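Shown next, in structure tokens, is the structure this report addresses.
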Amino acid sequence: MSKKKDIIVLGGGAAGLSVAAGGAAMGLDVTLIAPQPMGGDCLHHGCVPSKSILHASHMDQDWSDAKLHAADVVASIQHHDSQERFEGLGVQVINGKGWIEGRGKVRDSLGQLHDGRYVVLATGSRPRTHSMLSPLAAPKVLTTDDLWSQDLHGQVVILGGGAIALEMSEAFAGLGLRVTILARSEILAGYPPKLQELLRQVLRQQQVTLREHASLVSVDDQGAQLRLNLADGSQLHAHHVLQALGREHDLNDLGLEELGIGKEVSQNLRVGGCPWLYAAGDAAGQPYLTHAASHDAGVVLRNIVAPWPVAQRRKNLPRSIYMSSEITAIGNVQWPAPEGCAWLENSSNSDRALTEGRDAYAGLMLEKKSKRLQGAVLFFPGSSNMAPFLDEHMLKASPYTELAKPSYPYPSDGELVRGIVMAYQASTKLHEGNKRVLRLLARLPRLF
């Protein structure tokens with residue numbers, strides 16, 4: 001058995017690398033057990049290739065050109081996540097997988113047993129798939145795990161109505177493919193209806209066919225194409241089907257069952273109630289976001305070194321969908337609003353959107369009694385850049401009126417947020433009283 005380490009990390013994606021780098025920076029002895037190449041889903045299958053493909057789709061390129069661009073971007077980032085860099089940070093890196101054999105005991109793929117004070121599971125997640133499509137393989141049936149190496153042509157059907165479906169429909173359409181989205185419910189289900197309607201308009205402009213409330217009942221492999229049979233009796237033909245049905249984390253095959261350790265993850269990211277075992281990133285469950293991984297790494301490391309427990313705050317993390325007009329959500333965006341809360345919306349007061357001939361939208365959910373911001377949704381280019389501002393506002397539990405205080409450059413879509421606040425203020429009875437006081441003050445004689 002090797003020397004006892006402070007932390008043993010299983011997994012080399014965003015969460016595992018963040019824990020390893022952060023632990024090493026704090027002076028802790030860290031062992032990272034991860035398959036090669038390091039970087040995980042975000043670098044190789046998710047955020048980086050998808051955003052690279054999206055960019056290429058706006059540059060008058062075809063699918064082959066877009067794939068090359070994505071590969072170049074991944075290669076340029078790979079060094080940052082490489083074994084050489086992490087060994088330079090002082091992390092012991094072991095290629096392969098790891099299995100837990102006892103408290104702090106992990107065996108690697110080569111059979112070597114490692115001993116650590118803490119073990120962090122950062123083993124990621126996998127794409128959800130449709131049972132009807134399981135007998136079929138790439139290139140006809142795809143997930144983001146195998147999409148980027150395939151040659152696509154003709155008709156692509158995307159199963160799902162969430163972030164991946166929206167981003168990839170825009171990318172595929174921009175690269176000259178014919179695209180149909182099959183959504184089991186509404187597009188971006190659970191979001192405000194005004195935003196959903198704007199998305200439908202955008203998809204029509206991109207010549208993407210949207211089928212909502214559509215259920216797949218069977219699939220026929222016809223050689224060159226697949227025939228998709230839907231519950232309403234209609235049929236679709238596709239050269240490729242992309243399953244964009246979300247993701248699911250997996251804590252199986254890590255040795256937990258054999259040790260009688262449960263798989264529930266607590267608010268302080270402990271697994272199965274074990275004080276020495278943590279989960280981070282996708283392995284800790286939803287939301288499956290790369291920046292959730294770095295957030296979790298901070299929570300885990302603080303729990304390891306601090307004498308008091310630190311809880312995660314994942315539910316308020318911002319989420320963005322990187323279409324041409326980005327969709328950014330933070331906090332609770334449930335529609336309709338829960339009891340005691342109300343949605344305030346603005347889709348008409350952005351001069352910037354008018355100058356560019358497009359739509360824009362902002363929605364704020366306020367708690368009626370306290371007037372505190374509970375959630376927000378923005379829909380305009382670059383809206384993700386406003387996420388830190390809204391996040392800080394919610395962390396401080398500031399009054400909603402604080403959202404109107406910053407100087408928003410003119411013309412900018414951020415003025416939508418100010419417009420909501422000003423309109424809501426003008427509609428309140430209290431504001432009438434304020435106006436009377438202000439009129440009185442303005443009419444008083446000045447002494448200086």
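The values are calculated or read from the model by the stated rules, or taken from the named source; none is laboratory data. Just so it is clear, the structure is predicted and the values come from calculations on it, not from any experiment. When we count neighbours, we look across all protein chains shown, and the Cβ atoms used for this are built from the backbone with ideal geometry, even at glycine.
Among the residues that make up the stretch 176-184, is at least one of them closer than 30 Å to Asn332 by Cβ and polar (S, T, N, Q)? No, because not a single residue in the stretch 176-184 is closer than 30 Å to Asn332 by Cβ and polar (S, T, N, Q).
Please specify each residue of the stretch 172-190 satisfying the condition of being within 19 Å of Asp62 (Cα to Cα), in a loop (DSSP other than H, G, I, E, B) and not hydrophobic (A, V, I, L, M, F, W, C). Please lay out each step first, then the result.
If we filter the stretch 172-190 for residues that are within 19 Å of Asp62 (Cα to Cα), which is where we start, we get 172-180.
With in a loop (DSSP other than H, G, I, E, B) added as a condition, the list becomes 175-177.
If the condition is that a residue be within 19 Å of Asp62 (Cα to Cα), in a loop (DSSP other than H, G, I, E, B) and not hydrophobic (A, V, I, L, M, F, W, C), then Gly176 is the only one that fits.
In the stretch 205-252, the residue that is farthest from the chain's Cα centre (by Cα) out of those that are surrounded by fewer than 13 Cβ atoms within 10 Å (Cβ to Cβ) and in contact (Cβ under 8 Å) with a residue 40 or more places away in the chain is Asp221.
On the given criteria, is Gly260 surrounded by fewer than 19 Cβ atoms within 10 Å (Cβ to Cβ), more than 16 Å from the chain's Cα centre (by Cα) and not assigned by TED's automatic domain parsing to the domain that holds Ala189?
Criteria met by Gly260.
Residues of the stretch 285-304 being modelled with pLDDT under 95 and either among the β-branched types (Val, Ile, Thr) or touching an Asp or Glu at 6+ places or on another chain (Cβ under 7 Å) (or both), which ones? The answer is Tyr288, Thr290.
Of all residues in the stretch 9-39, those being surrounded by 24 or more Cβ atoms within 10 Å (Cβ to Cβ) and either outside the structural domain of Val119 (by TED's automatic domain parsing) or in a loop (DSSP other than H, G, I, E, B) (or both) number 4. Would a scan of the stretch 344-355 turn up a residue that is part of a helix (DSSP H, G or I), surrounded by 14 or more Cβ atoms within 10 Å (Cβ to Cβ) and assigned by TED's automatic domain parsing to the domain that holds Gly331? The answer is yes; a qualifying residue exists. State whether the residues of the stretch 109-120 include one that is surrounded by 21 or more Cβ atoms within 10 Å (Cβ to Cβ), assigned by TED's automatic domain parsing to the domain that holds Tyr278 and not in a strand (DSSP E or B). No. Annotation note: of Ser169, Ser218, the sole residue that is closer than 20 Å to Arg319 by Cα and either assigned to a strand (DSSP E or B) or hydroxyl-bearing (Ser, Thr, Tyr) (or both) is Ser169. Scanning the stretch 332-342 for residues that are under 18 Å from Met394 (Cβ atoms) and surrounded by fewer than 19 Cβ atoms within 10 Å (Cβ to Cβ), which turns out farthest from the chain's Cα centre (by Cα)? Filtering first and then ranking leaves Gly340. List every residue pair whose Cβ atoms sit under 8 Å apart, with the two residues 6 or more apart in sequence or on different chains, where the first one lies in the stretch 270-287 and is of a type in the set (S, T, N, Q) and the second, anywhere, is surrounded by fewer than 18 Cβ atoms within 10 Å (Cβ to Cβ). From residues that are of a type in the set (S, T, N, Q), the pairs are Gln286/Arg314. Cβ separations smaller than 7 Å between residues 6+ apart or across chains give the following pairs from the stretch 178-204 residues that are surrounded by 15 or more Cβ atoms within 10 Å (Cβ to Cβ) to residues that are hydroxyl-bearing (Ser, Thr, Tyr) and assigned to a helix (DSSP H, G or I): Val179/Ser169; Ile181/Ser169; Leu203/Ser169. Of all residue pairs spaced 6 or more apart or on separate chains, those with beta-carbon atoms under 8 Å, a first member in the stretch 316-335 that is at positive phi and a second member that is in a strand (DSSP E or B) and of a type outside the set (D, E, K, R) are Gly331/Met365; Gly331/Leu373; Gly331/Gln374; Gly331/Gly375; Gly331/Ala376.
On inspection, Pro381 does not qualify as in the same structural domain as Trp335 (by TED's automatic domain parsing), surrounded by fewer than 22 Cβ atoms within 10 Å (Cβ to Cβ) and more than 22 Å from Gln205 (Cα to Cα).
Tyr408: of a type in the set (Ser, Thr, Tyr), assigned by TED's automatic domain parsing to the domain that holds Glu339, outside any loop (DSSP other than H, G, I, E, B) and surrounded by 14 or more Cβ atoms within 10 Å (Cβ to Cβ), yes or no? So Tyr408 fails the test.
Beta carbons closer than 6 Å, at least 6 apart along the sequence or on distinct chains, pair a first residue in the stretch 73-95 that is in contact (Cβ under 8 Å) with a residue 60 or more places away in the chain with a second that is charged (D, E, K, R) for Val93/Glu87; Ile94/Asp108. For the stretch 392-404, the criterion of being buried (at least 17 other Cβ atoms within 10 Å of the Cβ) and either in a loop (DSSP other than H, G, I, E, B) or touching a Ser or Thr at 6+ places or on another chain (Cβ under 7 Å) (or both) is met by none of the residues.
The listed residues are Lys67, Lys51, and the only one of them that is among the basic types (Lys, Arg), buried (at least 21 other Cβ atoms within 10 Å of the Cβ) and in contact (Cβ under 8 Å) with a residue 40 or more places away in the chain turns out to be Lys67.
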